[in-house]
Amino acid sequence: MTMNAIEVRDLTRRFGGFVAVDRVTFEVREGEIFGFLGSNGAGKSTTIRMLCGLLKPTSGTARVGGVDVGRDPEAVKQRIGYMSQKFSLYEALTIDQNIEFFSGLYGLDRRTGRDRRAFVLKMAGLEGREHTLAGDLPGGWRQRLALGCAILHQPPVLFLDEPTGGVDPLSRREFWTLIEAMAASGVTVLVTTHYLDEAEHCHRLAILHAGRLAAIGSITELREVFADRPIVEVQSTDPVALMNALADHPDVEKTSVFGTAVHAVLKRETDVRRFIAGLGDGLTASPVAPSLEDVFLDVVEQAQSPEPKA
Amino acid sequence: MRKVLAVGRKEMRQILRDRRTLLILLFVPAFFLLLYGYALNFDIRHIPLAVDDRDKSSDSRELVAAFVNSGYFDLVAGVGSPSEIERLMDLNRVRAALVIPEGLSRDLRSGRDVSVQVLVDGDNANTATTVLGYSSAIVRTVSRQLRIERGGRVAPPRVLLEPRIWYNPELRSTLFLVPGLIAYICMITAVVSTALSIVREKERGTMEQVQMAPLGTMSYVVGKTVPYFVVSLASAVVIVVVSMALFGLPMRGSWGMLLLALSLFIVGALATGLWISTIADTQQTAFQLALLSSFLPTLMLSGFIFPISSMPAAIRAVTYVVPARYFLVALRGIVLKGAPPSTYSFALSMLVVYAVGMLSLAAFRLSRQRTA
Ligand SMILES: Nc1ncnc2c1ncn2[C@@H]1O[C@H](COP(=O)(O)OP(=O)(O)OP(=O)(O)O)[C@@H](O)[C@H]1O
Ligand SMILES: [Mg+2]
C-alpha cells in the first residue's frame with residue numbers, strides 16, 4: 001500500500017472577508033504527479049503557500065510528509081522543495097553563486113553541497129555555464145536552474161507553482177521529462193498549470209474554482225462527467241455562427257468553439273446518430289471523446305451555477 | 001551558522017556587484033556637501049551664551065544687557081571661572097562666552113581702552129563666524145554709546161573685542177561637516193540600502209523563495225544586516241581617515257570611543273531600515289519612508305546644517321527623537337574636541353535607547369509577518 005505524501009482536510013484561508021481557499025480536501029500519494037488546474041485567482045498559489053508553511057490556514061489541516069503544517073511549519077520546510085510562479089533566483093548572481101546560496105540556506109555541508117551542485121548542473125544542462133549571471137539565461141534554462149535550486153536538499157515533496165509560465169514549448173517538454181523522471185524516483189510532485197495539455201502529464205488532477213475544489217481524479221475519471229452526455233464535433237468555416245445556430249437546437253445543452261470546430265454537448269440520452277443525420281448537408285460531424293478542455297469548462301460552469309444541475 | 005554565512009556572503013556579493021550604485025550613493029552627495037558646505041550661511045539666533053563678569057559694575061552690566069537685548073544671544077549661565085566655560089562648551093550648553101575683565105569700569109573712567117573677550121565654539125564654522133560678527137557689532141555700539149556719555153574729552157576710551165575661537169581656530173567648516181557627513185552616509189548605507197535590499201527581495205519574489213527554506217528569522221536578519229554594518233562602518237572610518245589626511249581633521253579623542261559611537265548609531269540605523277522593510281511593499285515606498293524618517297531629519301534636524309539652538313521651540317522638541325542629533329554631539333566631542341567621555345555619555349546612552357527601541361519594533365513586526 002502506498003502512503004499519502006500530502007493530506008489536506010477542509011483547508012480554508014480567508015483574507016479579511018474574502019475566502020481565497022474554501023474547505024479544500026484531497027490526498028496526494030507518494031511518487032504521484034498531482035496537477036492543480038484553475039483560472040486566475042482560483043486559489044492555487046494560496047493553497048500551495050499554506051502547504052509550504054508560508055501562510056497560516058484559517059481553518060482545516062494539512063499534513064505534508066507526515067508533518068502537520070499548521071503545528072510545525074519549520075519542520076515541513078526541510079522536507080519540501082518549492083518553485084514559485086515568478087522566477088525567484090538572484091539575477092545579479094551567477095548560476096554557481098545561486099546554487100551555493102541555496103545549499104547554504106538548507107544547511108548542506110561542503111561535500112554534499114559539491115555533489116548536489118554537480119548533479120543539478122548536469123540535470124539542468126547548465127554545465128560549463130557556472131559563471132553566467134542567472135539574469136542572462138533564456139527562459140527555459142532559468143526554469144531548470146530554479147528547479148535545480150529547489151531540489152538541492154533532495155526533498156521528497158516538490159511544489160511547483162506554474163513552473164512553465166512563459167517558456168517555449170520545447171523547453172516545456174524537456175522540463176516535464178525532468179519532472180516525470182523525478183516522480184519515477186519516488187518524489188511527490190504537486191504542480192499548478194494553466195496549460196491544459198500539460199495536465200496530460202499528471203497522474204491525477206484537481207480543478208479549483210473560486211477557492212473550491214470543483215472536481216478531482218485522473219483524466220479518465222474526470223471525463224466521467226460526460227458519461228451520459230455525448231459530444232459531437234462539427235467542422236465549419238464560420239464556427240461562431242455555427243455555434244450560435246447550434247445553441248438553439250433542442251437536443252444541444254451547450255456549445256463551445258475549438259479552433260475551426262464547434263463542440264456541441266448533447267442533452268442526456270440523445271441519439272447521436274439521429275442528431276448528426278438531422279444536421280443537414282455540408283457539415284462534417286462526428287462524435288468525439290471529451291477533451292480536457294471540455295471537462296474543465298463543464299466543471300467550472302457547474303461550480304459557478306448557483307443550483308446544482310439535476 | 002552556515003545559513004547565516006550563506007545569507008551574508010550572498011548579500012555582500014550583491015553589494016559589490018552593485019558598486020556603481022554604491023559609489024554614486026556615497027560619493028556624489030559627499031562631494032556636493034563639501035562643495036556647498038563653504039557656501040552655507042544662515043541667520044543664527046538664540047545662541048546660548050555664558051557670561052563671566054568679573055567687573056560687576058553698571059558699565060559691565062550694560063554690556064551684558066546689550067548682548068541679550070540684541071536677540072542673538074540667550075544668557076544661559078553666569079560663570080566664575082574659565083574652566084567652567086570649558087565644561088559648558090564641552091557639554092554643548094553654551095556656544096559662546098563673554099568674559100569681562102576686572103577693572104573695566106575703572107579703566108574706562110580713567111580714559112584707558114579696555115578689551116573684553118568673546119569665546120566662540122568653533123566646531124561649527126558657520127555659526128562661529130556669524131557669532132563673531134554679531135559680537136563685534138554689539139561691542140562697537142556699546143563702545144560708541146559710552147563715549148558719547150562720557151563725551152567732551154580729547155580721546156575717549158574704547159571698548160575692544162578680543163575674539164577667541166575654541167576647538168577649530170581657523171574656522172574650517174569642512175571639519176564641522178565631517179561628523180555630519182558620517183551621519184549622512186551611515187544613514188544611506190544602513191537605512192536606505194537595508195530597507196531597499198529587503199523590499200527588493202519582496203518585489204522580485206526571492207524573499208518568498210528564501211522563506212520557503214528552513215531559516216530562522218534571526219539568521220536571516222543577521223546575515224542580511226551584518227554586511228551593511230561592515231560597509232557603513234568602513235565608509236565612516238574612511239571618511240575620518242581621509243579628512244585627517246586632506247583637511248587636517250584632528251582626531252583628539254580615542255578611536256575606541258569613535259567606533260563605539262559609530263556602531264551604536266549604525267545599529268539603530270539598520271534597525272530603522274529593517275522596520276521600514278516590514279512596512280513597505282515597494283522600493284519606492286521604502287525609499288520615501290527612509291527619506292522622511294531618517295534622511296531628512298539627519299540633514300535638517302540634527303544640527304548638521306541648521307544649529308539646533310536657533311530652531312523654533314516646536315521643531316527643537318522634534319530633534320530630541322532624531323538619533324543623528326546625539327550622534328553628532330558624541331562625534332564632535334570625540335573627534336573635534338577630545339572631550340572627556342562624561343560630556344557625551346548622555347548622547348551615547350540615547351543612541352543605545354534608540355537602537356534598542358527600533359530593534360524591538362522591527363523584531364515585533366517581523367515576527368508578526370512570519371505567522372501571516
Ligand atoms: N495576501 C493576500 N491578501 C489578500 N488577498 C489575497 C492575498 N493573496 C491572494 N489573495 C487573493 O486570493 C485569491 C486567490 O489567489 P491565488 O494567488 O491563490 O490564485 P491563483 O489560483 O494562484 O491564481 P493565478 O493563476 O493568477 O496564479 C485572489 O483573488 C487573490 O487576489
Ligand atoms: Mg498563482
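The values are calculated or read from the model by the stated rules, or taken from the named source; none is laboratory data. Quick caveat, the model's predicted, so the values are computed rather than measured. Note that each Cβ is placed from the backbone with ideal geometry, even for glycine, and that neighbours are counted across all protein chains shown.
When you look at B:A363, is it away from ligand 2 (no atom under 16 Å from the Cβ), at pLDDT below 90 and in contact with a Ser or Thr (Cβ under 9 Å, 6 or more places away or on another chain), yes or no?
On the way: away from ligand 2 (no atom under 16 Å from the Cβ): yes; at pLDDT below 90: yes; in contact with a Ser or Thr (Cβ under 9 Å, 6 or more places away or on another chain): yes.
The answer is yes for B:A363.
Looking at segment B:25-54, which of the residues that are closer than 19 Å to B:S235 by Cβ and at pLDDT 65 or above is nearest to the other protein chains (Cβ to nearest Cβ)?
Checked segment B:25-54; the qualifying residue nearest to the other protein chains (Cβ to nearest Cβ) is B:L26.
Restricting attention to segment A:71-90, which residues are closer than 25 Å to A:G165 by Cα and either over 26 Å from the mean Cα position of the chain (by Cα) or within 16 Å of ligand 2 (Cβ to nearest atom) (or both)?
Hits for segment A:71-90 are A:Y82, A:M83, A:S84, A:Q85, A:K86, A:F87, A:S88.
Find the residue count for segment A:73-106, including only residues that are free of Cβ contacts under 8 Å to residues at least 60 places away in the same chain and closer than 13 Å to A:C149 by Cα.
Of the residues in segment A:73-106, the ones free of Cβ contacts under 8 Å to residues at least 60 places away in the same chain are A:73-77, A:86-88, A:90-106.
Still in the running and closer than 13 Å to A:C149 by Cα: A:87-88, A:90, A:94-106.
Final tally of qualifying residues: 16.
Go through (1) more than 9 Å from every other protein chain (Cβ to nearest Cβ); (2) within 29 Å of A:W141 (Cβ to Cβ) and name the single condition A:D68 misses.
Of everything listed in (1) more than 9 Å from every other protein chain (Cβ to nearest Cβ); (2) within 29 Å of A:W141 (Cβ to Cβ), A:D68 misses just condition (2).
Inside segment B:227-308, counting only helices (runs of 4 or more DSSP H) that do not spill past its ends, which hold 1 or more residues that are over 18 Å from the mean Cα position of the chain (by Cα) and buried (at least 22 other Cβ atoms within 10 Å of the Cβ)?
Values: elements: B:255-279, B:283-290, B:296-300.
Ranges flagged: B:255-279, B:283-290.
So is A:A181 in a helix (DSSP H, G or I) and without any contact (Cβ under 8 Å) to a residue 24 or more places away in the chain or not? Don't jump to the end; show me each part of the working.
Details: in a helix (DSSP H, G or I): yes; without any contact (Cβ under 8 Å) to a residue 24 or more places away in the chain: yes.
Spelling it out, A:A181 is indeed in a helix (DSSP H, G or I) and without any contact (Cβ under 8 Å) to a residue 24 or more places away in the chain.
Test A:L93 against the stated conditions and say whether it is touching a Lys or Arg at 6+ places or on another chain (Cβ under 7 Å) and at pLDDT below 95.
Details: touching a Lys or Arg at 6+ places or on another chain (Cβ under 7 Å): yes; at pLDDT below 95: yes.
Spelling it out, A:L93 is indeed touching a Lys or Arg at 6+ places or on another chain (Cβ under 7 Å) and at pLDDT below 95.
Quick one: in segment A:16-48, of everything that is over 13 Å from the mean Cα position of the chain (by Cα) and within 14 Å of ligand 2 (Cβ to nearest atom), which residue is farthest from A:D68 (Cα to Cα)?
Applying the filter and picking the extreme gives A:G41.
List, please: which pairs have Cβ atoms under 8 Å, are six or more places apart or on different chains, and start with a residue in segment A:34-45 that is within 14 Å of chain B (Cβ to nearest Cβ) and end with one that is more than 6 Å from ligand 1 (Cβ to nearest atom) and part of a strand (DSSP E or B)?
A:S45/A:D161; A:S45/A:T192
So which of B:M187, B:M207 is part of a helix (DSSP H, G or I), at negative phi and at pLDDT 85 or above?
Values: B:M187 fails: at pLDDT 85 or above.
Step by step, each of B:M187, B:M207 is checked, and only B:M207 is part of a helix (DSSP H, G or I), at negative phi and at pLDDT 85 or above.
Here is a check on your reading of the model: is A:F119 surrounded by fewer than 17 Cβ atoms within 10 Å (Cβ to Cβ), at pLDDT 90 or above and either more than 16 Å from ligand 2 (Cβ to nearest atom) or of a type in the set (S, T, Y) (or both)? I'd like the intermediate steps shown before the answer.
Numbers: surrounded by fewer than 17 Cβ atoms within 10 Å (Cβ to Cβ): yes; at pLDDT 90 or above: yes; either more than 16 Å from ligand 2 (Cβ to nearest atom) or of a type in the set (S, T, Y) (or both): yes.
The answer is yes for A:F119.
Please indicate, with yes or no, whether at least one residue in segment B:197-220 is in contact with an Asp or Glu (Cβ under 9 Å, 6 or more places away or on another chain), surrounded by fewer than 21 Cβ atoms within 10 Å (Cβ to Cβ) and away from every other protein chain (no Cβ under 13 Å).
Checked segment B:197-220: no residue is in contact with an Asp or Glu (Cβ under 9 Å, 6 or more places away or on another chain), surrounded by fewer than 21 Cβ atoms within 10 Å (Cβ to Cβ) and away from every other protein chain (no Cβ under 13 Å).
Do we find that B:S60 is in a helix (DSSP H, G or I) and either among the polar types (S, T, N, Q) or surrounded by 14 or more Cβ atoms within 10 Å (Cβ to Cβ) (or both) in this structure?
Judged against the criteria, B:S60 is a match.
Pick from A:E74, A:E91: which is outside any strand (DSSP E or B), surrounded by fewer than 19 Cβ atoms within 10 Å (Cβ to Cβ) and facing chain B (nearest Cβ under 7 Å)? Break it down stepwise before answering.
Numbers: A:E91 fails: facing chain B (nearest Cβ under 7 Å).
It is A:E74.
Are there any pairs, at least 6 apart or on different chains, whose C-beta atoms fall under 6 Å, with the first in segment A:187-205 and part of a strand (DSSP E or B) and modelled with pLDDT of 90 or more and the second small (G, A, S) and within 16 Å of ligand 1 (Cβ to nearest atom), and if so, which?
Cβ pairs passing all conditions: A:V191/A:G35; A:L205/A:G35; A:L205/A:A199.
Counting only residues that are closer than 15 Å to A:I48 by Cβ and within 16 Å of ligand 2 (Cβ to nearest atom), how many does segment A:150-180 have?
The first filter runs over segment A:150-180 and keeps only residues closer than 15 Å to A:I48 by Cβ, leaving A:150, A:155, A:157-163, A:165.
Imposing the further condition that a residue be within 16 Å of ligand 2 (Cβ to nearest atom) reduces the set to A:159-163, A:165.
Number satisfying all stated conditions: 6.
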